[in-house]
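> Mind looking over this structure? Questions follow.
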Amino acid sequence: MNLEFTAEQKQFRQEVRDWLRTNAPREPRPITEPKALRAFDKAWQQRQFDAGWAGISWPKEYGGRGLSTMQQLIWYEEYAAANAPVASVFWVALNHGGPTLIANGSEEQKAFHLPKILKGEAAWCQGFSEPGSGSDLASLRCKAVIDGDHLVVNGQKIWTSHAHVADYQELLVRTDSSGPKHKGITWVICDMKTPGIEIQPIYNMAGTHHFNQVFYTDVRIPLSNVVGKVDDGWRVALSTLSFERGTAFLANQLELARAVEELIEVAQHHVGPDGVRPAIKDDEIASKLAELRAEVAALRAMTYRSISIVERNNGPGAEGSIIRLFHGELVQKVHRVAMEVLGHDALEFQVKPTSLVWGYLDSFWHTIAGGTSEIQRNIIGERVLGLPKQR
Ligand SMILES: Cc1cc2nc3c(=O)[nH]c(=O)nc-3n(C[C@H](O)[C@H](O)[C@H](O)COP(=O)(O)OP(=O)(O)OC[C@H]3O[C@@H](n4cnc5c(N)ncnc54)[C@H](O)[C@@H]3O)c2cc1C
């Protein structure tokens with residue numbers, strides 16, 4: 001692993017920094033208004049595309065820049081330093097759907113979808129989890145049968161983030177139940193405007209509408225939307241999840257570093273547990289803040305190592321689970337310490353993306369979504385450490 005940046009990378013960093021400084025939106029994302037949120041994220045994604053900053057590591061022929069993963073990392077670092085908003089409505093398209101198509105899609109699928117994603121014209125959602133099939137994803141039952149040149153889908157998905165504002169969905173369906181559960185799954189692109197799709201909201205404990213239940217009744221999807229082959233969806237899904245557990249959370253990791261520095265700043269002014277001195281003068285709080293800063297530095301070092309592996313191996317591996325696990329648990333730790341710093345003031349809850357209390361309530365998903373901490377530990381045990389498989 002080489003942690004020195006080349007002259008070219010340093011120049012790239014400066015260009016990114018200059019552009020973000022003048023172009024990153026300063027106003028907060030309207031997180032409680034789904035339509036306004038989509039419009040906000042779309043405008044920001046479009047601005048990045050128009051200026052040539054969308055899809056840093058995506059192939060040039062589909063609208064990307066064709067640059068290295070290290071340059072992608074530099075972009076994310078400067079993005080976090082500029083306090084630029086994470087366009088979460090486009091997150092699945094940019095970090096799952098797009099990369100999965102690049103790796104497994106047909107030429108027609110790539111040519112149609114990838115430019116739309118980069119231009120902010122198409123938001124995607126992920127239809128993987130079902131009631132009873134989350135960690136054990138391969139047990140999914142949402143059924144599809146072939147009828148002429150279409151798949152006809154009947155069943156249910158749950159926890160589908162942003163389904164209510166999405167144009168397309170990466171959908172996993174059961175096309176064969178006769179053999180082992182990993183065989184007989186198909187990965188298909190579902191147009192969310194297809195007749196027979198019903199979306200019901202689920203509100204989270206921070207009071208925001210982020211995810212949904214999605215019901216499918218005789219939903220007809222062209223067979224040309226299948227990515228890979230019919231019954232070969234598990235292989236494609238594993239590649240989707242490896243992107244999620246690999247580089248997709250980079251921006252969130254770098255945001256966390258900024259959150260810790262902001263928390264240290266708050267602790268310097270907010271009155272601490274003795275009711276007199278700033279919180280940072282409390283020995284226990286000061287030592288926890290120092291530990292958080294050290295752990296963020298460790299996370300950053302692990303991220304560089306992972307990027308280095310990705311560059312050499314041409315794709316993320318199971319090691320991504322180590323970072324995902326460490327990051328998810330650290331986000332929650334940072335917000336627990338934030339509640340200690342705020343003390344009773346934490347009870348003044350406001351649904352604001354900038355509020356530490358909102359951040360605390362929002363932090364719980366980090367050890368669930370995209371594979372729980374227990375599942376990440378299983379992956380690390382089995383695929384990184386070579387321990388015996390779970391029975
Ligand atoms: C904010 C958020 C957004 C999400 N967005 C989406 C989305 O857009 N699309 C989508 O498809 N899904 C989404 N999910 C769902 C997410 O992927 C699942 O919640 C997750 O995979 C866990 O599945 P589950 O909820 O069914 O829990 P379960 O699998 O039922 O797990 C329950 C508990 O049992 C433990 N457990 C289960 N199996 C094992 C095992 N083998 N070994 C050890 N422990 C085990 C788990 O760790 C957990 O603690 C989202 C979730 C959250 C929180």
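Nothing in this text is a laboratory measurement; each read-out follows from the coordinates by a stated rule. This structure is a prediction, so every number in the text was calculated from the model and none was measured. When we count neighbours, we look across all protein chains shown, and the Cβ atoms used for this are built from the backbone with ideal geometry, even at glycine.
> What does the net charge come to around ALA87 if you take all other residues with beta carbon closer than 10 Å to its beta carbon, with K and R at +1 and D and E at -1? Before the final figure, lay out each step's value.
Numbers: positive: ARG29, ARG38, LYS42; negative: ASP41.
Net of charged neighbours comes to +2.
> What does the charge count around ASP167 come to, taking other residues whose C-beta lies under 11 Å from its C-beta (Lys +1, Arg +1, Asp -1, Glu -1)? Intermediate values should be presented prior to the final figure.
Details: positive: ARG38, LYS42, LYS116, LYS193; negative: GLU121, ASP191.
Residues close to ASP167 contribute a combined charge of +2.
> What FRET efficiency comes out for the pair GLN9/LYS333, r = Cβ-Cβ distance, R0 = 30 Å, nearest 0.05? Walk me through the numbers on the way to the answer.
Numbers: r = 32 Å, r/R0 = 1.05.
Approximately 0.45, to the nearest 0.05.
> Averaging sequence separations of C-alpha pairs under 8 Å and six or more residues apart, then dividing by the length of the stretch 142-211, give the relative contact order as a whole percent. Could you put the intermediate results ahead of the total?
Details: 91 pairs, mean separation 19.7, N = 70.
About 28 percent, as a whole number.
> Based solely on its DSSP helices, what 222 nm [θ] is calculated for the chain when runs of n ≥ 4 H residues each add -39,500 (n - 2.57) and the sum is averaged over all residues, nearest 500 deg cm²/dmol? Spell out each step's value before the answer.
Values: 11 runs with 167 residues, N = 391.
So the helix-based figure for the chain works out to -14000 deg cm²/dmol.
> Over the C-alpha atoms of the stretch 7-123, what are the Rg and the largest Cα-to-Cα span, Dmax, in Å?
14.2, 43
> Which values, in whole Å and largest first, are the semi-axes of the equivalent ellipsoid of the stretch 141-284 obtained as the square root of 5 times each eigenvalue of the Cα gyration tensor? Write out the running numbers ahead of the final one.
Working: eigenvalues 409, 64, 31 Å².
So the equivalent ellipsoid measures 45, 18, 13 Å along its semi-axes.
> What number comes out for the charge environment of SER139, summing +1 per Lys or Arg and -1 per Asp or Glu over other residues with Cβ under 11 Å away? Walk me through the numbers before you get to the answer.
Numbers: positive: ARG141, ARG174, LYS181; negative: GLU130, ASP136.
Here the count lands on +1.
> Average the reciprocal distances over every distinct pair of alpha-carbons in the stretch 246-384, invert the result, and give the Kirkwood radius in Å. Can you show the working numbers first?
Numbers: mean 1/r = 0.0622 Å⁻¹.
Kirkwood hydrodynamic radius for the stretch 246-384: 16.1 Å.
> Can you compute the equivalent ellipsoid semi-axes for the chain, i.e. the square root of 5 times each eigenvalue of the Cα gyration tensor, sorted largest first and rounded to whole Å?
Working: eigenvalues 250, 117, 96 Å².
Semi-axes from the Cα gyration tensor: 35, 24, 22 Å.
> For the pair ALA111/ASP191, report the inter-label distance in nm, with labels modelled 7 Å from Cα in the Cβ direction.
1.8 nm
> Could you tally up the Lys pairs in the stretch 142-275 with alpha carbons closer than 21 Å? Skip any pair fewer than 8 positions apart unless they're on separate chains.
Total qualifying Lys-Lys pairs in the stretch 142-275 comes to 10.
> Roughly speaking, what is the centre-to-centre gap between the stretch 187-238 and the stretch 87-130 when only Cα atoms are used, to the nearest Å?
13 Å
> I've got another one for you. Taking a virtual spin label 7 Å from the Cα of SER224 along the C-beta vector, which residues in the stretch 177-194 bring their backbone nitrogen under 19 Å of it?
Only 187-194 pass the distance filter.
> With a point put 7 Å past each Cα toward its Cβ, work out how far ASP283 is from GLU311 in nm, to one decimal.
Distance between the two pseudo-spin positions: 4.4 nm.
> From Cα pairs below 8 angstrom and at least 6 apart in sequence, can you work out the relative contact order of the chain, rounded to a whole percent? Please report the intermediate quantities before stating the final value.
Details: 652 pairs, mean separation 51.9, N = 391.
Over the chain, the number comes to 13 percent.
> Fewest to most neighbouring Cβ within 10 Å: what's the order for MET339, MET70, MET205?
MET205, MET339, MET70
> Whole-Hz Karplus ³J(HN,Hα) for the stretch 301-306, in order, using 6.51 cos²θ - 1.76 cosθ + 1.60 and θ = phi - 60°, x for Gly and Pro?
5, 5, 5, 4, 4, 5
> Could you tally up the Lys pairs in the stretch 7-123 with alpha carbons closer than 16 Å? Skip any pair fewer than 8 positions apart unless they're on separate chains. Write down the numbers at each step before the final one.
Working: LYS42/LYS116; LYS42/LYS119; LYS60/LYS110; LYS60/LYS116; LYS60/LYS119; LYS110/LYS119.
Summing the qualifying lysine pairs gives 6.
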